[in-house]
Amino acid sequence: MGILYLFFAPQGDALQGVVTRVTDGDTIQVTVAGEKRTVRLLGVDTPETVHPKKPVQFYGKEASNFTKTTLANKTVWLEYDVAPLDRYNRHLAYVWLTKPGTGEDAVRRGMFNARLILQGYGKVMTIQPNSKYAALFAKFQEEARTKKQGLWGR
């Protein structure tokens, strides 16, 4: 467990880094302490734009452009949940634009994953055991659907 601590923040802590590349709406590259990390955003799934076996999906370009516009070259904080990596060896994290806070208001204002859901650029996707914000994200998705935000507007 000591080795993991060197590479990942303990659950609930956050590591500061800079977004150096945006792959698509829910996958970015972040440099943390000189190490490049491919980061898959937790709790949200945006429509595909670069999948090798799938065509560009509805609202995928919009989601990808939103992520690029919002995150490219920005300082962010990565908050890890229970499982730090997926089967593709990508880091799994909540990405904050401000220093992470607690409570719904802090998540709405500062967490990028939540913004994707609230503005209709993505849908909730919870993969256990990473479920810290699952209930809040479900609430945000229902709010986006009711307001016909983004992909819910069709």
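Overview of results
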read-out	value
The listed residue being surrounded by fewer than 20 Cβ atoms within 10 Å (Cβ to Cβ) and in contact with a strand residue (DSSP E or B) (Cβ under 9 Å, 6 or more places away or on another chain), out of 130, 73, 113	73
Among the candidates 104, 79, 35, residue that is out of contact with any Lys or Arg (no Cβ under 7 Å at 6 or more places or on another chain), buried (at least 18 other Cβ atoms within 10 Å of the Cβ) and either of a type outside the set (A, V, I, L, M) or at positive phi (or both)	79
Filtered residue count, the range 140-151, keeping only those that are part of a helix (DSSP H, G or I) and surrounded by 16 or more Cβ atoms within 10 Å (Cβ to Cβ)	5
Single residue of the range 82-96 satisfying the filter (farther than 18 Å from residue 23 by Cα and of a type in the set (A, V, I, L, M, F, W, C)) that is surrounded by the most Cβ atoms within 10 Å (Cβ to Cβ)	83
Residue check, residue 124 at pLDDT 95 or above, under 15 Å from the mean Cα position of the chain (by Cα), under 20 Å from residue 49 (Cβ atoms) and among the β-branched types (Val, Ile, Thr)	yes
Helices (runs of 4 or more DSSP H) fully within the range 1-118 counting 2 or more residues that are modelled with pLDDT of 95 or more and within 16 Å of the chain's Cα centre (by Cα)	60-71, 104-110, 112-118
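The values are calculated or read from the model by the stated rules, or taken from the named source; none is laboratory data. For clarity, every value in this text was computed on a predicted model and none was experimentally measured. Heads up, the Cβs are rebuilt from the backbone with ideal geometry, glycines too, and the neighbour counts pull from every protein chain shown.
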